[in-house]
Structure formats: structure tokens, C-alpha cells
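*Asks:* Sharing a structure with you now.
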Amino acid sequence: MPKLHLITYGCQMNEYDSERVAGLLRDERYELTATPQDADLILLNTCAIREKCEDKVFSRLGELKHLKRERPHVLIGVMGCMAQLWQGKIQERAPSVDLVFGSAAVSRVGELVARARATGAPVLETGEAPLVKITARPEAVGQLKAFVTVMEGCEKGCTFCVVPVTRGRERSHSPASIVAEVRELAAAGVREVTLLGQTVNAYGRDLAPATDLAALLELVDEVEGIERIRFTTSNPYNLTPRLIRAIRDVPKVVEYLHLPLQSGSDRVLARMHRGYTRARYLELIAELEETVPGIALSTDLIVGFPGEEEEDFEQTADMVERVGYDNVFVFRYSRRPGTPAATMLDQVPEEIKAQRNSRLLEVATRVGAARSRALEGRVLPILVDGVSRKNPDEATGRTRCNRVVNRRGCRGARAGHRRGVAAAQGGRHVSRNEGEAARPRSPVEHAHHHPA
Ligand code: SAM
């Protein structure tokens, strides 16, 4: 059987697409391998959100080139957002790449690989195609958590963001196809699903008849076997009172929301074209906390957006204190080709971005730790989903509000849903990287991760 090695960069949507590709290629008799050295086909599922992500891919391609010299029959492919953004330029810069294909061509991956193999000529497929729900997936023994993409694309037009270029306009999958996929997952033993979309709370507007995320959550809630439902990423602009009530009222939906703020300064938010002010965002937080007491909150923040002054940055840090986020993802602004902010004249020097990045992380870590301490002494249900990568003596799992909890003395712990077996004080505040390191092992290598 030929062997496939998959390397995934970027958001959960890429993780989801990688699983689909592994499933589709399994139907073509490809077997997953954890190492590139014995692979016949190596696919890199890429992210273009920041330049750093792209640099990592090109440096990995540089390493793989040597491997191809030793084993010339190996095919190397690049898929995902970089494929869509750079198209033929990828093969110009990395001639060892045999095939490049965008998200719309994922359903035809088997045919593309066969064509590259048969002709020996470079394959490039980055055109548009109708939205297809692919449910193929690799063998998932004992998998408790799964992602389910509910919509593709984004139409927000944030001036920093390349997603509208790489993933196109918003297109929602039908509620029936999503529920069918969740049913299949539940039958395979999955207990927690995360519904994915770049602006997941804009779900359903483009369907006929139109629907919304709150209605979808109710449908998914009815699927027997599923115990927890998460969704990401929400945009404050589309956060409705109806969805906030659904977080409270739909039993399996967890009390946690990832709500990207990006900046705490109205001046910067306007230049980012986010469609809300800091006052509006705070109103939403007040509504969330009033409707869903104790809700956990996380966010994405960008430092060094063009024109960001010290006072703008301080307003962002102030929002972290005011909202009291449980977890914060900080990104240094990165100029992306084809986006309006890339040509703004007042770009911020890299050393100032780096300084603001570490200052903001300091505030976020302090605020997050205080939120964790507030849970001390409480007994919470934990979905135990594996063994810590750093320490095989520790089992790892998450509370409903997304706290990672590691427990010592659990060598070989069986994954499962434990009610009340792990107390919050047994855990600790886990930073993003530690949290990621605690993810269950997967044959699909994951190179870097951030929320969709
Ligand atoms: N769709 C979501 C939204 O806009 O709210 C976020 C999706 S994006 C994949 C994840 C995060 O990457 C964004 O929330 C943003 O903080 C960050 N990001 C996007 N473009 C960026 C850029 N050009 N430079 C730095 N960070 C960026």
C-alpha cells in the first residue's frame, strides 16, 4: 500500500480538511504514515494568515527536497490557503512541488494525485467549484472530539485579513448534511463536536430558506451520543441575542465563546473595518455574562496594526483587564498581499510589535491565571481525551468552559467523559502552547495551530 504523510498548518478548518484528504486518499488505498521518510506522497496543508506561517512551509519544503533526491518517486503537494494565494508561484519558488491545489479541489484529490503520478508534470488546480460536503475520514479509533465545517469563506472584509482571498465568499452547508455528519461521528464514538466557520455565527444567511447558527445548534443538540457542542470563530458584528440565548438554553452547547476583539481602540477598529466599537463589544460581553453567568471567554488580538500608537495599544491591554479573558491569542500584524492594510503607509516597526506582543501576553497571562484561580475548589465535569504529550503520567482533558486540566498519576488513563472526577484545583492554567502540546496524538502531523 502506498503511504501518505500529511503536515497541517493553521486553523481547525485546515485540520478538518486534512482529515477529509486522508479519508479520500484511503479510498485510493493510501495509508497514513507518521514520518515523511517512508512516505510516497507528502501533502502540506498550509496557512497564509501571516507571513511567518508561509516561511515555515517554504523551509519545510526545502528540507523535503533532499528527501525527494533520495527517493525520486515521492510526490510533494501543497494545498490550503497558500495554494490559493500563491498558485503557480509556489512551484516557481519550490520546484520539487508536484501538485498545488486549493480548497475547492479537495474532493478531487485522488484524481489530482493520479494525474501527477501518471504525467510527471506539475499539477495546478486553484479554480472555484461548487461547495461539496466531504465526509470521508481516516480510521478514528477512540476519537472523542471532532471538527465539523458548517460554512466556508468570509465576507467581512477586515482590512488585515487574507481569508476572503483564500477561502472566497460565505457558503453554508445545509443543516441536513451537517446533522448527518454529526450522527455518523456520534455513531463512531465521538462525544464532542466543534462546528467550524471563519465567521460561524453568520451561518445560514445564504441558504434558502435562510437559517441561523442558533437553529443549527438546536438540531445538533438532538443527536444522540453527542455530549458537548462548541463552535468557532464568532465575529462580534454577527453576535445576536438569539445566539447568546442558545448558549444558555441549548443543553449540550458549552458555556464558552471565542470572540475576536482584534483591538481595543476605536480608531484602529475602524481602520480594520471590524464594524463595531469597544463600547459595543463591552455591551455584548455584559449581555453574555448576564445571560450565561460564568461564561468563559477567549479572544484574538493583533498588535502593531498600521498606525497603532501607544495609546491605542494601551486601550487593547485595558480591554483584556476589563473583559477578564480566560485565554488570549496575540498576533503581530503581518502584511498580507492583496489586503488594504498592506498598503497603509504608517506600518509599525517589528521591534515595537515584538515589545507590545510580550507586554500584552504578560497582562493576558495574569488575567487568565486569576480566572483559573477563581475555579479552585470546584468540581467540574472533564472530558478526558488523552495523555499529555509532555508527561505520559498525566491524563489531559477539558472542562466545558475549555480549561485544560492535566492530572498526575493517570498513566494509561482511558479517555472518556468523567463527571466530577477531576477537580479544578487539580489542573493549572495552561498557556496556548502547553494546551496544544496536550492535544491527543494524531497520525496527521500538526505543525502549528490557531483558532479558525
Ligand atoms: N474569522 C475570524 C475573525 O476575523 O474574527 C478569525 C480568523 S483568523 C484565521 C485568526 C486570527 O488571525 C484573527 O482573528 C486575527 O487575530 C489573526 N490575523 C488575521 N490576519 C492577520 C494578519 N494579517 N496579521 C496578524 N494576525 C492576523
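The values are calculated or read from the model by the stated rules, or taken from the named source; none is laboratory data. Treat the numbers as computed from the prediction; the structure is a model and nothing was measured. Positions of Cβ are generated from backbone atoms using ideal geometry, with glycine treated the same way; all protein chains shown enter the neighbour counts. Side chains included, ligands, DNA and RNA excluded: accessible areas come from the protein's heavy atoms. Shrake-Rupley method; radii C 1.70, N 1.55, O 1.52, S 1.80 Å.
*Asks:* Across the range 201-218, what is the number of residues that are part of a helix (DSSP H, G or I), open to solvent by 10 Å² or more (accessible area, probe 1.4 Å) and within 16 Å of the ligand (Cβ to nearest atom)?
*Replies:* Adding up the residues that qualify gives 1.
*Asks:* Evaluate the following for SER103: is it touching a residue at least 60 places away in the same chain (Cβ under 8 Å) and surrounded by fewer than 19 Cβ atoms within 10 Å (Cβ to Cβ)?
*Replies:* no
*Asks:* Continuing with the same structure: Can you find even one residue in the range 384-392 that is touching a residue at least 60 places away in the same chain (Cβ under 8 Å) and either open to solvent by 10 Å² or more (accessible area, probe 1.4 Å) or not hydrophobic (A, V, I, L, M, F, W, C) (or both)?
*Replies:* Yes, that holds for at least one residue.
*Asks:* Condition first: in a loop (DSSP other than H, G, I, E, B) and within 23 Å of the chain's Cα centre (by Cα). Now tell me which residues in the range 381-398 satisfy that.
*Replies:* If the condition is that a residue be in a loop (DSSP other than H, G, I, E, B) and within 23 Å of the chain's Cα centre (by Cα), then SER388, ARG389, LYS390 are the ones that fit.
*Asks:* Here's something else I'd like to know. Is it the case that some residue within the range 187-200 is open to solvent by 40 Å² or more (accessible area, probe 1.4 Å) and among the aliphatic types (A, V, I, L, M)?
*Replies:* yes
*Asks:* How many of the residues making up the range 3-54 are within 16 Å of the ligand (Cβ to nearest atom) and not acidic (Asp, Glu)?
*Replies:* Result for the range 3-54: 17.
*Asks:* While we're on this one: In the range 279-334, what residues are touching a helix residue (DSSP H, G or I) at 6+ places or on another chain (Cβ under 7 Å), within 15 Å of the ligand (Cβ to nearest atom) and more than 13 Å from GLY264 (Cβ to Cβ)?
*Replies:* Answer for the range 279-334, where residues must be touching a helix residue (DSSP H, G or I) at 6+ places or on another chain (Cβ under 7 Å), within 15 Å of the ligand (Cβ to nearest atom) and more than 13 Å from GLY264 (Cβ to Cβ): LEU284, LEU297, GLY304, PRO306, GLY307, ASN327, PHE329, ARG332, TYR333, SER334.
*Asks:* Could you figure out which of (1) under 30 Å from ARG191 (Cβ atoms); (2) open to solvent by 30 Å² or more (accessible area, probe 1.4 Å) isn't true of PHE231?
*Replies:* (2)
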